[in-house]
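Report on the following structure.
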Amino acid sequence: MLAWTSLTVSHSAAQPAAPTTPASFLANDAEGVVRFPTKKKNALGWTMQIRHAQHATAEVTRIEIEFATTGGPTTADLNLSIQLTPKASGHETPQSASRVSLPITIPQGTNRQSLVRYAPKTSFGNLYEVQLFQDGRKIDDCKDFVGESLTRQDAGLYLNLNLLGKWNVLWINSEEDRTTRSQSFENLLLGQEVSPFYSVETPDEWDKLMDDATVQTSTHALRAIDIDQLPNHWLAYQPHDSLIIHHSDWLSLKEQQTAPARAIRQWVNAGGVVLVRGISLSETIPSDEKTTTSNPGSAPTPDSIANANTIIQQRIENFDGYSIPDNTTFQSEVSYMDLSDSQIREWRDWFPTGAQTLKDSLAAFPPARLTSQTGVRSQSQLAGMVIYLGKQPIGRPIEVLQWQAASSLMGWQSHRILRAGVEPILGSSRFFQWVIPGVAQPPVYTFMGLLGIFVILVGPVAYRKTAKSGRGYLMFAIAPLLAIITTLAMLAYGVIADGFGTTTRVRQITWVDGETGDAVTRTRSTYFAGIRPSDGLTFDNNTDVTLFPDNHQRSWESQTDDRFQLRGEIVVTDKSIQFSRDYLPSRQQKQFVAHRPQDNWGYFTIEGAAPASSNEVQIQSHANQPANEMIVRDTKGTYFYAENIPPNEIVKATRLTDQEASERLGELYQRQWLVSSIVDRRQSQTSSMQNYNNEVFDIINQQLNNLSSAAKPTDGAFEFELQSRLQLGSKLPRNSFFCLTDLSPDAIAIDNAVPTDSIHFVMGSLR
């Protein structure tokens, strides 16, 4: 008997509220809106609408603010602040949530103003108290709530894992294929679900939901926006796994220098995945000659094609072989649905239609099409990728095998949390891989020395002298006094040895596109403060910042009964993201991971073609910072090495054999190594508890375990690519480079923090 999968649909999203402006990216988030003042009587002379993204997972959160006066323009500057305070009933785990403050200034003479802010989110849930302040004082009638409570406080883990496991798709509407969009969605669901999609909604109601692009199933979340709703900031796309855009719009955006086009480019460079649909039979799929990643211009493998085809054939057989029962039997199979007779009848009638849809889709795009030059192809773009869904006749939807092939090409990169390699709710034992060595650790040998001195002073010295003088009773005072002095000495040494300033260990990876000169930098930084800094940590507002908690022995389940307490406050302005001092307690190591795109970082070139017998070439730097050591590989596959390359200078590089290059690449990777003694101990503890308790200590590992992908990267796309080039493969792609540079100016988020044991890797393609 066919197993059924219950699916859920967001009904509120099916009837979206009208956006306040055509450009509102959150126009369909009807439940995420508050309006101030809350009462009809308005003595303020102005109104404010705040639209808050309603995703529950710990993603970057977009907040749209609309200010409008009710009379004339403002007569003075307004210094306002919006504060979003998490409520205990709407967030898990109990001590993971953060308060968000958004200071804004409305200039004198303003009638209307639209603002957008992006705030890091560190908990599961979306229930907030929203309060408006002016000059630090609460404004009457300007407090409301947004979001909803969790029905069960212990269910957050399973809801979170389910949401993170869905393929979260953002579809950009186009008039070219608006009439086939619903059928494309249906083919996606028919091809990906373990069993045919089924719920209380009838097939006709499902068609309506797909027409509105508001479908949420157990495996997919589909949302559509018009092209004039495209956001101007790359962080708006971070909660999404993939962007699906029509070929004509993609070509247009690639040539534009507008803010929306720039935002998409930055998002893809940082790891985003774009699926390009609608390439007609008369158009050309772009070549991959300039791609320099380890798997250029890849296509679905024959094994993956055969597997996908087998799955679809089995699904068709299940459809065809399903004996349609009477209403009573049908209802008993899904008794939790409480279906009416008319609903049952509609679902029974749908089965032949579903089978025929699969057959038609497979006939329109058979397996042989995938391996041809007009089939599905992927093109890497720094940490992200662009997937071309293949040529197809105009007026045809995206077929089932096209979706299957795209899924095969994405692999683990289809999920945003795995691309980032960091999760802010639980963290993991991998935190201890990059701690600052020797800091905030007990000085064992020093303590042993102090205890040895104590033993000698109490025993052979004090006792012998008091015994000789006949004053042995003094030992009742001398021994406790020496014990107190020794204890204070140990405490004082432990404090003084670590110092009172702030120390940081930074690991930066910059990935450069030599063709455009753009880059993305991943910064993993660990901080230790003898005395916590009063100003906290400050990051640029163009940065995706994620807290990396130091978790090695507490599972999500074990934390659900903790007392509710905020981690701290995050202040987001138009220039910076500031984490309060609560995120860096005194004498504790804390870690943050930041991703930041950089336009016009620069590029490197090899001047002139190198003869086959040449032992030297000239490297020209067009970068904005010096390269300390560099290895380049030209288009012929020959390696060269250079040192100390200043910006905008030309230096000579000497030839390396393949063996020498491999050894040097491995040595460069080991310049900063894991703190293995701590990692081994923590991981063994975690592994033991997971084996016996089956609890969730690491959400990223939990997510990876659900994938069939051969690659299992736990630290994101940047670390995976770095390791692939320098350690696993020990070779660079042709026409590429790798170098070490100084830390970038924005690498350290605390003024006067002293870097130690830090490194900055830079890799990319040559121009």
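The values are calculated or read from the model by the stated rules, or taken from the named source; none is laboratory data. Remember, predicted model here, so these are calculated numbers, not experimental data. Here the Cβ is made from the backbone with ideal geometry for all residues, glycine too, and neighbour counts use every protein chain on show. Just so you know, the surface numbers come from the protein's heavy atoms only, side chains and all, with ligands and any DNA or RNA stripped out. Shrake-Rupley method; radii C 1.70, N 1.55, O 1.52, S 1.80 Å.
Separation of segment 446-484 from segment 704-767 is 55 Å, based on Cα centroids. Taking all protein chains as they are arranged and a probe of 1.4 Å, the heavy atoms of D535 leave approximately 110 Å² accessible to solvent. Here the chain carries DSSP beta bridges of which approximately 75% are antiparallel, counting only pairs with both residues inside. Straight Cα distances below 20 angstrom link K636 to the lysines K290, K652, K731, with same-chain residues fewer than 8 positions distant left out.
Annotation: lysines with alpha-carbon distance below 20 angstrom to K121 (same-chain offsets under eight excluded): K87, K166, K575, K590. Each Lys or Arg adds one and each Asp or Glu takes one away; over the other residues whose Cβ falls under 12 Å from the Cβ of E616, this sums to +1. Expressed as a whole percent, the accessible area of segment 453-596 that falls on carbon and sulfur atoms is 59 (1.4 Å probe).
Ranked by the mean number of other Cβ atoms within 10 Å per residue, highest first, peptides 617-630, 347-360 order as 617-630, 347-360. The Cβ shell under 10 Å around V273 holds other residues with a net charge of +1, Lys and Arg each +1, Asp and Glu each -1.
If I model the chain as equal point scatterers sitting on the Cα atoms and use the Debye formula, what is log10 I(q)/I(0) at q = 0.06, 0.09, 0.10 Å⁻¹? The Cα Debye sum returns log10 ratios of -0.45, -0.95, -1.14. When each of the peptides 722-732, 117-127 is scored by the mean number of other C-beta atoms lying within 10 Å of its residues, the order from highest to lowest reads 117-127, 722-732. Please list log₁₀ I(q)/I(0) at q = 0.13, 0.14, 0.16, 0.30 Å⁻¹ for segment 497-546, using the Debye equation with identical point scatterers on the alpha-carbon positions. Here the Debye-derived log intensity ratios amount to -0.47, -0.52, -0.63, -1.19. Averaged over its residues, the chain has an accessible area of 43 Å² per residue, based on protein heavy atoms and a 1.4 Å probe.
Applying Stokes-Einstein at 20 °C and 1.002 mPa s to the Kirkwood radius of segment 482-641, computed over alpha-carbon pairs, gives a translational diffusion coefficient of 106 µm² s⁻¹. With the helix formula -39500 (n - 2.57) applied to DSSP H stretches of n ≥ 4, the chain reaches a computed 222 nm mean residue ellipticity of -8500 deg cm²/dmol.
Its residues counted as N, segment 47-164 yields a C-alpha radius of gyration over 2.2 N^0.38 Å of 1.19.
Summing Lys and Arg as +1 and Asp and Glu as -1 over all other residues whose Cβ lies under 12 Å from the Cβ of E175 gives a net charge of -2.
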